[in-house]
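The structure appears right after this line, and notes come after that.
Laboratory data are not the source of any read-out in this text; all were calculated from the coordinates shown. Note that this is a predicted model, so its numbers are computed, not measured. Here the Cβ positions follow ideal geometry from the backbone for every residue, glycine too, while neighbour counts run over all protein chains shown.
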Amino acid sequence: MDWRNEIVAAADRIGGYVRRTPVTMLDFSGLPAPVEVKLEQMQHTGTFKARGAFNSLLSGPVPDGGVVAASGGNHGAAVAYAAARLGIPAQIFVPEIAGPSKIDLIRRTGAGLTVVPGAYADALQAALAHEARTGAMQIHAYDAPATVAGQGTCMAEWENQGLQADTVVIAVGGGGLAGGALAWLQGRRKVVAVEPETSCALHAALEAGAPVDVEVSGIAANALGARRIGSLCFGLAQEHGAQSVLVTDAAIADAQRVLWREARQLVEPAGAAALAALLSGAYLPEPGERVAVLICGANPAPDPV
């Protein structure tokens, strides 16, 4: 697949529907140099997911049955928002662990919503059953070309904004965002893929040499809790040598606090996971290495950290 052209086409397609999110340099106590960050949590519905959702819905005809999506919360909110903007019926399935803020966000779009016991994989099975029953178009959260190309527009946009870093640090769940970044960068910059120790589908796949099922738990499980990494991200990570690092829940929670205390950025655990890799030392840059961090999720639990 010619990923670069696909991402350029996606950027043209969704340009009137998504925000160009800001980029800035931030100093964090404990780090030797300022870090370039892209504040993608300021995107519609609070995450990068709107990019893939709009690209999927605008890439071709939508059946009369509308669209259906399974989600830990953020993807569902993005699909519901995009569908509402485009006048398309949407049915969203989320697991109970999605949490009240994400469930309320989906409800406020007017989309149909079903909360499923269990984890993301259980919501996906319910969504697949709905697709078979109604003929609705399935919008996959991370393992579909239109989704990956849409998420890739985030990195393309960042480079267009003057990204200077040698290394980009990105949190990984199912791999749509990291896959999109790898597809756009094509090895021109190092990509460090960050996962929680308790939800590490990409790390396990790279160790096993193929996607494998993993157990999922922890404070970021409702956003980074894919049981198996997407095949597209896995292939791109192997091809372009993405480096995989793991962080603890404690490190993620600390990064949330630092982002609020030192930059007044209130993010969910998944949104802070990439920064956690730097603050905790899970990723140690070489002397002089310029590092950028993608901040990507603004839907925390109702109580601030």
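Below are the figures for this structure:
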read-out	value
Taking the chain and dividing mean pair separation by its residue count, relative contact order in percent (alpha carbons under 8 Å, at least six apart)	20 percent
Structure-based [θ]222 nm, the chain - -39500 (n - 2.57) summed over DSSP H runs of at least 4, per residue, nearest 500	-13000 deg cm²/dmol
Karplus 3J(HN,Hα) series, Hz, for the range 271-285 with 6.51 cos²θ - 1.76 cosθ + 1.60 (x for Gly, Pro)	x, 9, 4, 5, 4, 4, 5, 6, 5, 8, x, 4, 10, 10, x
Which of Thr47, Thr248 has the fewest Cβ neighbours within 10 Å, and the rest in rising order	Thr248, Thr47
Additional length obtainable on full extension of the chain from Glu96 to Glu262, 0.36 nm per residue less Cα span	56.5 nm
Relative exposure of Glu268, Glu197, Glu239, judged by other C-beta atoms within 10 Å (fewest first)	Glu239, Glu197, Glu268
Neighbour-count order for Glu36, Glu289, fewest beta carbons within 10 angstrom listed first	Glu289, Glu36
Sorted peptide list for 51-60, 15-24, 132-141, criterion being average Cβ within 10 angstrom, highest first	51-60, 132-141, 15-24
Degrees, to the nearest 10: 176-185 long Cα axis against longest axis of the chain	60 degrees
Residues of the range 10-30 with amide N under 17 Å of the 7 Å Cα→Cβ point at Ala84	17-19
